[in-house]
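Please treat every number below as a calculation from the coordinates, not as lab data. Note that the structure is a prediction, hence the values are computed from the model and not measured. All Cβ positions, even for glycine, are placed from backbone atoms using ideal geometry, and neighbour counts span all protein chains on display.
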Amino acid sequence: MHDPAHHHATPDGPLCPHCGYLLRGVRSPVCVECGRERCRRLTFFDRIEFDAFRAAFGLARVPYVCSDPGQGILGMATVIDGVNIRPVIMLAWKNFDAAEAALEEFGLALPVALVDSASPFCPCCGFSLRRGVEDPRCEVCGTRCAWYEEHDEECADLELEP
Ligand SMILES: [Zn+2]
Ligand SMILES: [Zn+2]
């Protein structure tokens with residue numbers, strides 16, 4: 001699965017997935033512009049995984065919204081005529097815990113968002129993550145993050161300098 005959270009983060013901050021409003025510095029789980037729930041966009045490369053996530057959420061009654069533009073198209077194509085048709089699940093922040101519990105039953109998990117430790121901001125909501133914490137979990141939206149390995153090595157090298 002592709003790291004999903006980067007889809008609506010921009011250099012200026014995260015955008016509302018519904019109306020595109022710039023939600024920089026906004027902690028609310030609801031968009032201040034359109035009033036809809038902010039969510040994490042999970043993009044799937046693998047239709048079987050997409051179906052497994054939907055089955056897990058359905059059984060545990062975790063609310064979600066999904067779009068599957070390639071539905072009915074045979075095979076595993078993800079791009080048709082240059083248009084991305086990967087299936088997507090939108091999961092509201094408040095449902096992260098329920099979603100994780102539901103997925104665990106199936107041996108699945110929400111993907112961890114990889115973050116560059118040189119710019120330690122949650123890719124889903126744009127708030128800063130605590131440096132030095134291994135596998136930080138965003139305190140605002142609840143997205144689980146991890147640091148890019150290569151930067152950890154760079155930091156270790158720097159510490160060795162006198
Ligand atoms: Zn909005
Ligand atoms: Zn966050």
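Amide H contacts under 5 Å for residue 129: 121, 122, restricted to partners 5 or more places along the chain or on a different chain, H placed in the peptide plane at 1.01 Å from N.
A crude spin-label estimate for the pair residue 45 and residue 146, with each label 7 Å from Cα along the Cβ direction, gives 1.5 nm. Full extension of the chain between residue 85 and residue 61 gives 6.1 nm of extra length, using 0.36 nm per residue less the Cα-Cα distance.
Work out the FRET efficiency for residue 133 and residue 27 from their Cβ-Cβ distance, taking R0 = 22 Å, and round it to the nearest 0.05. Between residue 133 and residue 27 the formula returns 0.70. Amide H to amide H, with H built 1.01 Å from N, residue 66 comes under 5 Å of 90, counting only residues 5 or more places away or on other chains.
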